Amino acid sequence: AKSTILFFLCGGASHMDLWDLKPDAPLEYRGPFQPIQTSAPGVRLSEHLPLLAKQAHHLALVNSVGGTVNTNDHHAGYYYNLTGHVPDQSFVTKGNNRTPQPDDWPYMGSVVASRRPAHPNLPNAVSLPHMPSRAPYTRPGQFAARLGVEHDPMYIHGTREEPLKLRGPALSLEGGITADR
């Protein structure tokens, strides 16, 4: 592939309400939405994704992700899903206080970016609309870590209220520094 887009839905709609509906399951196990046919044989998506359903033959839908470390916190889940590596024991002992470490396994986008030739005008990895974190937590698994900060994704920040007002902190001047300097 020339490029890859990862939709990591942190805090988004339920997986079973968009991607893996269970219309034949008992009422207490299924969501309120209906599945629709897509352009991919045997794949059905939520009625709320009609435009994506037309492009489903271009998707690789993964419904088999699970975890092996039962920490019951989002930090370990993010780490596992974004790096492909089982969280170590520090996720169990520290929980949401487990911060990113330089020797963590790298974010999969950083791995791909580190293996591709650098583009002269564009970053090799981008993440938006924000880092998947809420203050005061910075979740492990979203950085290049042991690959080095030069392979961190470029973060683009934005909000759903103003979707066209994106900003790149890496392109902004630090506090107190003006463009005239």
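The values are calculated or read from the model by the stated rules, or taken from the named source; none is laboratory data. Note that this is a predicted model, so its numbers are computed, not measured. A quick note on method: Cβ atoms are made from the backbone with ideal geometry, for glycine too, and the neighbour counts reach across all protein chains shown.
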*Would you point out the residue of the range 63-89, among those that are within 16 Å of Tyr107 (Cβ to Cβ) and polar (S, T, N, Q), that is modelled with the lowest pLDDT?*
Asn81
*Quick one: which helices (runs of 4 or more DSSP H) lie wholly within the range 69-117 and hold at least 2 residues that are touching a Phe, Trp or Tyr at 6+ places or on another chain (Cβ under 8 Å) and more than 14 Å from Ala144 (Cα to Cα)?*
74-83
*Where Glu28 falls short, out of the listed (1) under 30 Å from Gln142 (Cβ atoms); (2) in a helix (DSSP H, G or I)*: (1)
*Specify which of the listed residues (Arg160, Arg167, Arg134) is at pLDDT below 85, touching a strand residue (DSSP E or B) at 6+ places or on another chain (Cβ under 6 Å) and either basic (Lys, Arg) or in the same structural domain as Ser3 (by TED's automatic domain parsing) (or both).*
Arg167
*Taking the range 87-111 as the region of interest, how many residues are aliphatic (A, V, I, L, M) and without any contact (Cβ under 8 Å) to a residue 60 or more places away in the chain?*
2
*Given (1) within 30 Å of Pro123 (Cβ to Cβ); (2) touching a Phe, Trp or Tyr at 6+ places or on another chain (Cβ under 6 Å), number of the condition Ser46 does not satisfy*: (1)
_Selection from the range 23-46 of residues that are touching a strand residue (DSSP E or B) at 6+ places or on another chain (Cβ under 9 Å) and surrounded by fewer than 13 Cβ atoms within 10 Å (Cβ to Cβ)_ = Pro23, Gln34, Gln37
_Can you pull out every residue in the range 76-111 that is β-branched (Val, Ile, Thr) and either farther than 14 Å from Phe143 by Cβ or in contact with a strand residue (DSSP E or B) (Cβ under 8 Å, 6 or more places away or on another chain) (or both)?_
Val86, Val92, Thr93
_Residue count for the range 86-103, restricted to those that are touching a Lys or Arg at 6+ places or on another chain (Cβ under 7 Å) and exposed (fewer than 14 other Cβ atoms within 10 Å of the Cβ)_ = 2
*Report the residue count in the range 1-25 for those that are in a loop (DSSP other than H, G, I, E, B) and of a type in the set (Asp, Glu).*
2
*May I ask you to say which residue of Glu47, Glu28 is without any contact (Cβ under 8 Å) to a residue 40 or more places away in the chain, farther than 29 Å from Ala145 by Cβ, in contact with a Pro (Cβ under 9 Å, 6 or more places away or on another chain) and among the acidic types (Asp, Glu)?*
Glu47
*Could we say that Ala60 is modelled with pLDDT of 90 or more, of a type in the set (Gly, Ala, Ser) and within 20 Å of Ile5 (Cα to Cα) here?*
no
*Does Ala25 qualify as being farther than 27 Å from Phe91 by Cβ, modelled with pLDDT of 95 or more and not β-branched (Val, Ile, Thr)?*
no
